[in-house]
Amino acid sequence: MKTKYLQFNDKDLTAAGELIRQGELVAFPTETVYGLGANAFNVNAVKNSYSAKGRPSDNPLIVHVYDKSQIYDIAREVSSDAEKIIDSLLPASLTIVLPKRDVIDDCITAGLDTVAIRMPLSVQARKFLRYANVPVTAPSANLSGRPSPTTWQRVAEDLDGRIAAVLCGQPCGVGIESTVLDLSRDEPLILRPGIVTPQEIQSVLHKKVTVVTDPKAIVNSPGVRYKHYAPRVPMALDVSGDADKLARYYDELTRKGYNPVLLVEHPEAFGGRNVRLIGRADEEVARSLFENLRVLETQFDYIIASFSSKTQFAESILNRLTRSAGHNII
Ligand code: TXA
Ligand code: MG
């Protein structure tokens, strides 16, 4: 299949919307990462999005909307907590999990009785969704297991020839995927941390929000179980920021014949070694994280990342880094 590369003008957006309604796959920008869009009301299209990515079919998809009213068309029950979140936080880099209506097929939810719904903050994303004018399922637009794409060029790298079109928008400003908040039960649960923090959610709900930390314990968000965000070369993660320890680890790898690189907060501390700045502030680390991994895997054969920030947002970055490193914490 020849993939079309579309721009954000009325003609191309109209074409993108038509492709979605016809059951084709269109990748599009959001503020978190690029998504691989399919018409949520077309079972074949949704199934094709799993195969284009090579995604296991028991990992459910997020349904994207441009207007709050669409949430009520696909959720069977909207609790008062959910209403508070919808009214005061959306649109946001936040996905809410609610009981599903029958219009949402089991292949979207992997058989669960709930559906994940997201109204993106990105104006470009909502514009595309408006032209599509149907709810759109969208996993991150990468091959399954790979770091999520934050530019249209990275989408092309993974999916060119496998999907109908890529809508070429801005690079993603947030850089890691949305916070997933389960509001389908009495106790609000964060299933995947993101830029919308537990604190922010708590300040709207005025009740405790639990962050699920052990992915193995999760039965209701299968996506967090899988190998994810992994670069093509081995990776290790340090959370102390201890430069001496990192230098020793690096030197040991070079003795073993590796050509490693340090992806760190203070590259200036590692004279003569291969280094790259991971970012100065949390926001910058998140924005460039997946791009950094995709750049470094082509130049080096071992990535040693170090990230020691301890803020609530840092937790969500650490979540991605830990999984990129396959839990290889040093
Ligand atoms: O920022 C994002 O959320 C991006 C952009 C494109 O919107 N999308 C994204 O989709 O990250 P994906 O497919 O890579 O991740 C979806 C996550 C998975 O962890 C999945 O398990 C969870 O959402 N999920 C989907 N439906 C669910 C449900 N009914 N219950 C619990 N978790 C669900
Ligand atoms: Mg993903």
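Summing Lys and Arg as +1 and Asp and Glu as -1 over all other residues whose Cβ lies under 9 Å from the Cβ of Pro147 gives a net charge of +2.
Charge tally for Glu187 (other residues, Cβ to Cβ under 12 Å; Lys, Arg +1; Asp, Glu -1): 0.
Centroid-to-centroid, using Cα positions, the range 88-142 and the range 156-208 are 10 Å apart. For the options Leu25, Leu36, Leu112, a Gaussian network treatment of the chain with springs between C-alpha atoms closer than 10 Å singles out Leu112 as fluctuating the most.
Taking the chain as a Gaussian network, where each spring joins two C-alpha atoms under 10 Å apart, which residue of Ala132, Ala82, Ala141 fluctuates the most? Greatest mean-square fluctuation among the candidates belongs to Ala82. For Lys208, the lysines whose Cα falls under 28 Å of its own Cα, not counting residues fewer than eight places away in the same chain, are Lys68, Lys84, Lys100, Lys216, Lys310. For the chain, modelled as a GNM whose springs connect Cα atoms under 10 angstrom apart, the maximal fluctuation among Ala138, Ala116, Ala75 occurs at Ala75. Relative to the longest principal axis of the Cα atoms of the chain, helix 10-21 runs at roughly 80 degrees. Only helices enter the 222 nm calculation for the chain: every DSSP H run of n ≥ 4 contributes -39,500 (n - 2.57), and dividing by all residues gives -10000 deg cm²/dmol, rounded to 500.
Among the trypsin sites (Lys or Arg not before Pro) within the range 260-330, those in coil by DSSP and having at most 13 neighbouring Cβ atoms inside 10 Å are Arg280, Lys310. The ranking of His266, His64 from fewest to most other beta carbons within 10 Å of each one's beta carbon is His266, His64. In this structure, the amide hydrogen of Ala27, modeled 1.01 Å from its nitrogen in the peptide plane, lies closer than 5 angstrom to those of Gly37, Ala165, Val166, Leu167, counting only residues at least 5 positions away or on a different chain. For the range 238-247, the Karplus equation 6.51 cos²θ - 1.76 cosθ + 1.60, evaluated at θ = phi - 60°, returns couplings of 10, 10, 9, x, 6, 5, 5, 4, 5, 5 Hz by residue, with Gly and Pro reported as x. Pairs of Cα atoms nearer than 8 Å and 6+ residues apart set the relative contact order; for the range 142-213 it is 21 percent. In the chain, the longest principal axis of the Cα atoms and the axis of helix 282-299 are about 70 degrees apart.
Taking the square roots of five times each eigenvalue of the Cα gyration tensor of the range 181-330, the equivalent ellipsoid has semi-axes of 32, 16, 12 Å, listed largest first. Counting Lys and Arg as +1 and Asp and Glu as -1 over every other residue whose Cβ lies under 15 Å from the Cβ of Tyr5, the net charge comes to 0. Counting beta carbons within 10 Å around each of Lys68, Lys47, Lys256 and listing the fewest first gives the order Lys256, Lys68, Lys47. Around the amide H of Val196, modelled in the peptide plane, lie the amide H atoms of Thr179, all under 5 Å away and 5 or more residues distant in sequence or on another chain.
Explain nothing, just the number: dipole magnitude of the chain about its Cα centre with +1 on each Lys and Arg Cβ and -1 on each Asp and Glu Cβ, in debye rounded to the nearest 20. Before the final figure, lay out the partial values.
Values: 39 positive and 39 negative charges, 124 e Å.
Dipole of the chain, to the nearest 20 debye: 600 debye.
Placing +1 on the Cβ of every Lys and Arg and -1 on the Cβ of every Asp and Glu, with no other charges, gives the range 88-225 a dipole of roughly 240 debye about its Cα centre.
Counting only residues at least eight positions apart within a chain, or on another chain, the lysines with an alpha carbon under 21 Å from that of Lys53 are Lys2, Lys4, Lys227. Would you list the P(r) distribution for the chain, with all Cα-Cα distances sorted into 10 Å bins from 0 and each bin expressed as a whole %? Using 10 Å bins, I get a P(r) of 6, 27, 33, 23, 9, 2, 0 for the chain.
Each value in this text was obtained by applying a stated rule to the coordinates, not by laboratory testing. Please read these numbers as outputs of a predicted model, since none were measured by experiment. Positions of Cβ are generated from backbone atoms using ideal geometry, with glycine treated the same way; all protein chains shown enter the neighbour counts.
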